[in-house]
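Shown next, in structure tokens, is the structure this report addresses.
The values are calculated or read from the model by the stated rules, or taken from the named source; none is laboratory data. Small disclaimer: the values here were computed from a predicted structure and weren't measured. We place every Cβ from the backbone using ideal geometry, glycine too, and count neighbours over all the protein chains shown.
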Amino acid sequence: MHAKHVTFDDEIALLGSSNVDIRSFVLNAEISLVAFDRGVTAQLRREQIRCFGASETLTLDAWEKRMIAHKICENLARLAGPLL
């Protein structure tokens, strides 16, 4: 899932793809939506709970034990990131 969302007081929801940085706002033309609607906010909370239920927690131990090939690919992607 790429979209981000946050809810406030069961009444307000912020939903979008923006990473809240200059690159997202200027270069990537990403956008966010603010909804002042209890129904929308409730739907987003239910989706978040569903996603958490289908996820697993990533522990520091598991992160440190990932394969060397994954670490190399991640570092190469990090280097190339600003060019993308």
query: Of the conditions (1) out of contact with any strand residue (DSSP E or B) (no Cβ under 9 Å at 6 or more places or on another chain); (2) part of a helix (DSSP H, G or I); (3) among the basic types (K, R), R66 fails just one. Which one is it?
result: (2)
- request: Kindly indicate whether E56 is closer than 26 Å to P82 by Cα, of a type in the set (D, E), without any contact (Cβ under 8 Å) to a residue 60 or more places away in the chain and part of a loop (DSSP other than H, G, I, E, B).
  value: no
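Condition test on V34, is it aliphatic (A, V, I, L, M) and touching a strand residue (DSSP E or B) at 6+ places or on another chain (Cβ under 9 Å)?
Yes; evaluated as a whole, the condition is true for this residue.
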message: Step by step: first the residues of segment 17-75, then only those that are closer than 20 Å to V6 by Cα and hydroxyl-bearing (S, T, Y), then the one that is surrounded by the fewest Cβ atoms within 10 Å (Cβ to Cβ). Which residue is that?
response: T57
- request: Would you point out the residue of segment 15-53, among those that are at pLDDT 90 or above and either assigned to a strand (DSSP E or B) or of a type in the set (D, E) (or both), that is farthest from P82 (Cα to Cα)?
  value: D37
